[in-house]
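The values are calculated or read from the model by the stated rules, or taken from the named source; none is laboratory data. As the structure is a computational prediction, the values presented were derived from the model and not from experiment. Don't worry about glycine lacking a Cβ; one is built from the backbone with ideal geometry, like all the others, and counts go over all protein chains shown. For the accessible areas, the whole protein counts, side chains as well, though only heavy atoms, and no ligand, DNA or RNA atoms are used. Shrake-Rupley method; radii C 1.70, N 1.55, O 1.52, S 1.80 Å.
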Amino acid sequence: MFPWRWLALLALIPLALSTNAGVKVKLTEKGLEFGRSLVVGSLQEKLKTINVPDISGKQRVSRIGKVRYTLSGMRVVDAGLPKSTLGLVPGTGVLLSISNAFLNLQGNWRIRYKIIKDHGSFKLGIKDLTISASISVRSDETGRPAVAMASCTSAVGAVSIKFRGGASWLYNLFDHYIKKSLRSTLQEKICPLVADSVSNLNQYLKTLNVLAPVDKYAEIAYFMVSSPEISKSSIELSLKGEFYNIGHHLEPPLAPTPFFLTDQEQSMVTIGISAFTANSATFVYNKAGILSINITDDMLGKLFPGLEMKLQLNMVKDPLIILEANNVTLAVGSSVMAYAIHTNGSLSPLFVLNLNASVSGQVSVTEKKLAGAVTLNGMDMSLGKSYVGDFQVKSLQSILQLVLKVAVLPRVNAQLDKGYPLPNLGKFSLVNTQVQVLKGYILIGTDIKLT
Ligand SMILES: *[C@@H]1O[C@H](CO)[C@@H](O)[C@H](O)[C@H]1NC(C)=O
Ligand SMILES: *[C@@H]1O[C@H](CO)[C@@H](O)[C@H](O)[C@H]1NC(C)=O
Ligand SMILES: *[C@@H]1O[C@H](CO)[C@@H](O)[C@H](O)[C@H]1NC(C)=O
Ligand SMILES: *[C@@H]1O[C@H](CO)[C@@H](O)[C@H](O)[C@H]1NC(C)=O
C-alpha cells in the first residue's frame with residue numbers, strides 16, 4: 001500500500017470518531033475461548049524457553065563447614081498450563097487467569113568443601129504456579145484492534161528438588177538457602193512472558209483489512225470508528241464499513257443508523273453488515289457510471305432477430321437497498337433511452353421510458369467474501385418522451401421485462417457473484433459460516449481457524 005493512502009486513512013480517523021458503525025464485529029465467548037487458546041499455547045511454548053542463569057555462592061552448613069555451590073545448565077524440560085480462563089471485565093478489558101500450572105527443570109550441581117569436590121544433576125519441579133494478568137483492548141493508530149498486557153502478578157507454589165548423587169545434607173542446603181533465590185528468579189520471568197504472549201496476538205490483529213480493495217472502482221474501509229466495547233459476554237468492534245471510490249473518498253448522501261447485533265453464541269464471531277454499507281456501494285458504483293448499461297444490438301439481436309435497436313439504461317437516482325427480515329430488496333429508478341440503428345450505423349432516438357424495477361436479492365458468503373444474486377420482482381414503466389408519436393407503453397412491458405431478465409440481470413449477477421471482501425484477518429479462514437438477513441443489516445455468524 002502506498003504511504004499516501006495511509007495518510008488519507010489517518011486523516012479520516014478523527015472525523016470518524018463520532019460516526020456510527022457501518023459494520024460491527026463481535027467476538028463471542030466462544031471466540032474468546034479461541035483467543036485464550038492462542039495466548040495460552042504461545043505462553044506454554046515461551047515458558048519452555050526460560051533461561052535460568054547459573055546460581056553460585058557459599059554457605060556454612062552445620063557439621064560440614066563452608067560449602068561453595070554452583071547450579072548450572074538449568075533448563076525447562078516441561079511446562080503445563082492445564083487450567084486457564086479468559087474473562088471479560090465490562091468496560092475495562094480482559095482478565096487472564098492461570099492456575100495449577102507447572103514447570104519442570106533440569107540442571108547440574110557442583111559443590112566444594114574443604115578438599116572435597118562433588119557434582120551431579122538435579123530435577124526441579126515447580127507446582128501450583130498461578131498467573132493473573134489484565135489485558136487491554138484498544139484501537140491502534142491505523143484503526144485496527146490492539147491488545148497489551150496492562151498488569152500481571154504471578155506466584156510460584158511448591159518447589160521440589162531431586163538430586164542424583166551427593167549426600168543428603170544437599171537437600172538442607174537447597175531447602176534453606178537456594179530455593180528462595182531460584183523461586184524469585186523464576187517468578188520474575190513469568191509476567192514478561194505473559195506480556196509477550198499477549199502481544200503475540202497483535203501479529204494477527206495487524207492484518208485487519210482496514211482498506212480492502214474490491215475492484216478497479218471501489219475499496220471498503222473497515223477501520224475502527226470507536227474504542228472496542230467490552231461487555232460481560234463479548235467484545236464488539238465498530239468499523240467504518242463504507243465503500244469508497246478508490247483514492248477518492250466522497251461521502252454518500254446517507255449515514256449509518258445505529259444497529260445492534262443479535263447474539264449468536266454458537267459462532268466465534270458475528271459480523272453485521274448494515275444497509276448503509278450496501279448502499280454506500282450502490283452510491284460508489286453509480287457515481288462511477290457502471291450502473292448505466294448500453295444494451296446493444298448484439299444482446300437484443302439474440303432476443304429479437306431483426307430488431308435494429310439500442311437501449312441505454314441510466315439510473316435516475318442511486319438504487320436503494322432495503323434490508324428486512326429474510327428479505328433483501330433493491331429499488332431501481334431508471335430511464336431507458338431507445339434508439340433505432342440505421343444501416344449506416346447512425347442512431348436516431350425513438351423514445352424514453354421511465355422504468356422502476358424492484359429486485360430481490362440473496363446473499364451468501366464464500367471464502368472471506370459476501371456475494372449476492374438478484375432476481376426481478378416487478379417493474380413499472382411509463383412513457384417519458386416519444387420521438388415517433390404516441391404509442392401504448394404496455395405493449396413494451398413484456399419485451400422490457402425479458403431484456404432485464406436476459407440482458408441486464410445476468411451482468412449484475414456476474415458482478416455480485418465476485419463478492420465483496422468481509423472484514424478479516426490474514427491468517428484466518430472462516431468455517432461454519434451462516435448468513436441471515438435481518439431488519440437493517442446482514443448477520444453473519446462464523447467460526448474462524450488459523451490456516
Ligand atoms: C452508451 O452509449 C452512449 C452513446 O450512445 C455512450 O455515450 C455511453 O458512454 C455508453 N455507455 C456505456 C456504459 O457504455
Ligand atoms: C420484501 O420487502 C419488500 C419491501 O421492502 C416487499 O415489497 C416484498 O413483498 C417483500 N418480500 C417478501 C418475500 O416478503
Ligand atoms: C444514416 O442513415 C439515416 C437513415 O437512413 C440518415 O438519416 C442519416 O443521415 C445517415 N447518416 C449518415 C452519417 O450518413
Ligand atoms: C418511479 O418511482 C418514483 C418514486 O420513486 C415515482 O415518482 C415514479 O412515478 C415511478 N415511475 C414509474 C414509471 O412507476
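Details
- Residue match in segment 118-125 (condition: buried (at least 18 other Cβ atoms within 10 Å of the Cβ) and assigned to a strand (DSSP E or B)): yes
- Of all the residues in segment 184-206, those that are open to solvent by 60 Å² or more (accessible area, probe 1.4 Å) and touching a residue at least 40 places away in the same chain (Cβ under 8 Å) number 3.
- Hits in segment 413-438 (condition: part of a strand (DSSP E or B), under 22 Å from Glu219 (Cβ atoms) and of a type in the set (A, V, I, L, M)): Leu430
- Per-region count, segment 84-114, residues assigned to a loop (DSSP other than H, G, I, E, B) and of a type in the set (Phe, Trp, Tyr): 0
- Tallying residues that are within 17 Å of Gly166 (Cβ to Cβ) and assigned to a strand (DSSP E or B) within segment 49-65 yields 7.
- Thr451 vs. criteria modelled with pLDDT of 95 or more and either more than 22 Å from Phe276 (Cα to Cα) or β-branched (Val, Ile, Thr) (or both): no
- Residue count, segment 331-359 (criterion: within 16 Å of ligand 4 (Cβ to nearest atom) and in contact with a helix residue (DSSP H, G or I) (Cβ under 8 Å, 6 or more places away or on another chain)): 5
- Across segment 60-76, the number of residues qualifying as within 16 Å of Asn108 (Cβ to Cβ) and without any contact (Cβ under 8 Å) to a residue 40 or more places away in the chain comes to 4.
- Scanning segment 434-451 for residues that are out of contact with any Asp or Glu (no Cβ under 8 Å at 6 or more places or on another chain) and either open to solvent by less than 20 Å² (accessible area, probe 1.4 Å) or over 17 Å from Thr329 (Cβ atoms) (or both) gives Gln434, Tyr441, Ile442, Leu443, Ile444, Gly445, Thr446, Asp447, Ile448, Lys449, Leu450, Thr451.
- Single residue of segment 157-182 satisfying the filter (open to solvent by 80 Å² or more (accessible area, probe 1.4 Å) and in contact with a strand residue (DSSP E or B) (Cβ under 6 Å, 6 or more places away or on another chain)) that is nearest to His119 (Cα to Cα): Arg164
- Near pairs, Cβ below 7 angstrom, 6+ apart or cross-chain, from segment 331-345 (under 19 Å from Leu300 (Cβ atoms) and of a type in the set (Gly, Ala, Ser)) to any residue that is more than 15 Å from ligand 1 (Cβ to nearest atom) and open to solvent by 20 Å² or more (accessible area, probe 1.4 Å): Ser334/Val316; Ser335/Val316; Ser335/Asn354; Ser335/Gly384
- When residues of segment 1-48 are limited to those that are at pLDDT below 90, in a helix (DSSP H, G or I) and among the small types (Gly, Ala, Ser), the one surrounded by the fewest Cβ atoms within 10 Å (Cβ to Cβ): Ala11
- Contact map, segment 20-31: first residue farther than 17 Å from Leu205 by Cβ, second residue assigned to a strand (DSSP E or B), Cβ cut-off under 6 Å, separation 6 or more or different chains; pairs are Ala21/Ser238; Ala21/Leu239; Gly22/Glu242; Gly22/Ser274.
- Of all positions in segment 301-315, at least one carries a residue that is under 26 Å from Ile220 (Cα atoms) and within 16 Å of ligand 1 (Cβ to nearest atom).
- Members of segment 182-215 that are part of a helix (DSSP H, G or I), farther than 16 Å from Ile98 by Cα, in contact with a helix residue (DSSP H, G or I) (Cβ under 9 Å, 6 or more places away or on another chain) and among the aliphatic types (A, V, I, L, M): Leu182
- Being of a type in the set (Val, Ile, Thr), part of a loop (DSSP other than H, G, I, E, B) and either open to solvent by 70 Å² or more (accessible area, probe 1.4 Å) or touching a strand residue (DSSP E or B) at 6+ places or on another chain (Cβ under 7 Å) (or both) is a condition met by no residue of segment 71-83.
- Residues of segment 91-102 that are at pLDDT 95 or above and either closer than 24 Å to Lys179 by Cβ or open to solvent by 20 Å² or more (accessible area, probe 1.4 Å) (or both): Leu95, Ser97, Ile98, Ser99, Asn100, Ala101, Phe102.
- Look at segment 376-391: where a residue is closer than 15 Å to Val352 by Cβ and a partner is among the β-branched types (Val, Ile, Thr) and part of a loop (DSSP other than H, G, I, E, B), sitting 6+ places away or on another chain with Cβ atoms under 9 Å, you get Met381/Val393; Ser382/Val393; Leu383/Val393.
- Qualifying residue in segment 262-285 (condition: within 13 Å of ligand 1 (Cβ to nearest atom) and more than 26 Å from Lys26 (Cβ to Cβ)): yes
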